Amino acid sequence: MLRRNFLTLAGAPVAMAIGLRAQAQEMQVSALSYGQSVGVVTLDPVHGSYTLYPAGSEAALCLYDGLLTFSQDMKIVPQLATSWKMADDLKSCTLKLRSGAKFHDGTAVDVAAVKFNIERLMDKQRNPTNRPLWDPVAGVETPDGSTVVLRLSQPFSQLPNSLAHVSGALVSPAAVAKYGEAGIAKNPVGAGPYRVVSFDPGQQLVLEAFDDYWAGKPKTAKLTLKTIGDPSTRVAALRTGAVDIIDSVPVALVAGLKQDPNIAIIHVPGLRPIGFVINLTRPKLADLRVRQALNLAVPVETIAAKVFFGYARAPDSPLAFNTEGYAPVSKLVHDPAKAKSLLAAAGFGPSKPLELALFVSQGLFPGDVSVGEVVANALTQVGVKVDITKIEAGSYWDAMRQDQANIKWDIAMFGFNPANASGLYQLQSLFKSNKDDAARPDVWNMARYRNPEVDKLLEVAAAEPDAKKADAALAKAQALIWRDEPYIWLQINENVSAVRKTTKDVEVWPILFTDVRHATA
């Protein structure tokens, strides 16, 4: 089980954070370009929390700094704060603010700016997304010019993860006053290493180095983020040098790219388990035997090996292997004969087949259509009648996150990326009971999963100051969820990007992001 201890002053990582930032005295590279698989559309940490995903968040890493951030291996390090300390009762956090940092408009990053931003994040009307990250924050105090105290409504061990999450970025209060709450998304003004030169939403974002950046001027003078949605076009652009960096490399093309002497592949295990969420409001799917049969029917090891050429693994828990708080439960088994037997015991067979409406995205998740077809075929082999619907990526969320009366799917592909690296956050988002299962899900519990024991264990994990006890609660919750089988569990993909070999210091994070803040050549 993985858990990080954040209940100490963070003075030691200050040097690490500065080291991760650009080294100011070196000669700058004139320009680099990044071909993104999806476009950057909005750039407000609050309204919409950056769209589209993950491109908007990757751009935000260049434009914005937060109080804390993540290093490439998902360790929390200071950024605009120099230190942080959680109270023993986990009901407050005291941070010391870095002096001398500026927003791109020249205004100071001071305690008033921090208070403004935290209160903006707290406001559910302005910030309806990422609520598990910010709901525990009850107030902000600024006792002096360098100290910020966050008061919490309940013990919340994961607050440092929230502060390091990309939605915790600080925007210039003066810019919000100038452009308005709606306007900052297209006119972002942060305190990060780059500032905006031009922004064509969905097409291109051009950035330039911020001369007054607190850690020193970045080593690359100009950074362009271009949208290149088609994978083959993206790969061709990298081969020809039209771009220096690309993300979301189709794994079928990795072997060929490795033969190119000018190209380097960067890949890391991801933290996003992919599966088919099961609509538990359907009486036919409320039967555990049916859900067990669906999981037994699918050849997950074959999917990992054949569809993803080994750049994926079958999960053994609701959390990915390197997620904070992960605990293994049991390996998935492919047993079509047992699947048929369980379906028969539940009343389904040749004369009365189980009928399922399967929704799958097109281009939203790795190999989504191919995986969807493998799953549909596997279910057909055990006697399930599958009606598959393929939905374009931009329309997929609306099709999935409906109120109960308007849900059209029985099973639908989904994968949650814990962008704060916290397994607690992931389990809360996916499996904490909704307040009203007839309404749209509170967060991402689209299965309408409901287990009071799981709810209690998640509460314990969030409030427990003893890391071992909190991890034990999370382990129990994972075991219960796994055995309730509210998903058809499938695979955990590696995140695969590629660069021109002349390009250095590009980081690929386990949470999907290709971080180009420090990129140089």
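Any read-out appearing in this document is the output of simple, stated calculations on the displayed coordinates, not a laboratory observation. Here the structure is a predicted model, which means the values were calculated and not measured. Here the Cβ positions follow ideal geometry from the backbone for every residue, glycine too, while neighbour counts run over all protein chains shown.
Things worth noting here:
- Distance distribution note for the chain: the fraction of Cα pairs above 31 angstrom is 46%.
- Cα-based shape type of region 47-125, given that a ≥ b ≥ c are square roots of the gyration tensor eigenvalues and the cut on a/c is 1.5: rounded
- Folded to 0 to 90 degrees: helix 111-122 orientation relative to the chain principal axis, Cα: 20 degrees
- Under the combined filter of DSSP loop state and at most 14 neighbouring Cβ atoms within 10 Å, region 110-165 retains these trypsin sites (Lys or Arg not before Pro): 124, 126.
- Taking a straight line from the alpha carbon of residue 258, these lysines sit under 22 Å away, with near neighbours fewer than eight places off in the same chain left out: 306, 501, 504.
- Linear extension gain, residue 435 paired with residue 467, 0.36 nm per residue minus alpha-carbon span: 8.7 nm
- The shape of region 376-521 comes out oblate: with a ≥ b ≥ c from the C-alpha gyration tensor, a/c is at least 1.5 while a/b does not beat b/c.
- Shown is the FRET efficiency for residue 301 and residue 119, computed with R0 = 56 Å from the Cβ-Cβ distance and rounded to the nearest 0.05: 0.70.
- Region 142-285: translational diffusion in µm²/s, Stokes-Einstein, Kirkwood Rh over Cα pairs, 37 °C, 0.692 mPa s: 163 µm²/s
- Ordering 420, 294, 342 by the projection of their Cα atoms onto the charge dipole of region 291-430, which places +1 on the Cβ of Lys and Arg and -1 on the Cβ of Asp and Glu, puts 342 at the extreme positive end.
- Take the Cα radius of gyration of region 341-381 and divide it by 2.2 N^0.38 Å, N being the number of residues; the result is 1.45.
- Karplus-derived 3J(HN,Hα) values for region 415-426, using 6.51 cos²θ - 1.76 cosθ + 1.60 with θ = phi - 60°, are x, 9, 9, x, 6, 10, 6, 9, x, 4, 4, 5 Hz; glycine and proline are entered as x.
- Nearest 10 degrees, 0 to 90: helix 173-183 Cα axis against the chain principal axis: 30 degrees
- Relative contact order (%) - region 277-346, alpha-carbon pairs under 8 angstrom, separation at least six: 39 percent
- Cleavage-rule hits (trypsin sites (Lys or Arg not before Pro)) in region 423-521: DSSP loop, at most 10 neighbouring Cβ within 10 angstrom: 435
- Listed residue pairs exceeding 20 Å between alpha carbons, taken from 75/219; 435/456; 432/456; 178/217; 284/408: 75/219; 178/217
- Average Cα contact separation per residue, region 336-403, under 8 Å, 6 or more apart, as relative contact order %: 38 percent
- Cα gyration tensor shape for region 389-454, rounded if a/c is under 1.5, else prolate or oblate: oblate
- Taking the charge dipole of the chain about its Cα centre, with +1 at Lys and Arg Cβ atoms and -1 at Asp and Glu Cβ atoms, the residue from 475, 395, 458 reaching farthest to the positive side is 475.
- Principal-axis tilt of helix 336-345 within the chain, Cα atoms, nearest 10 degrees: 70 degrees
- Scaled against the 2.2 N^0.38 Å expected of a compact globular protein of N residues, the Cα radius of gyration of region 174-238 reads 1.35.
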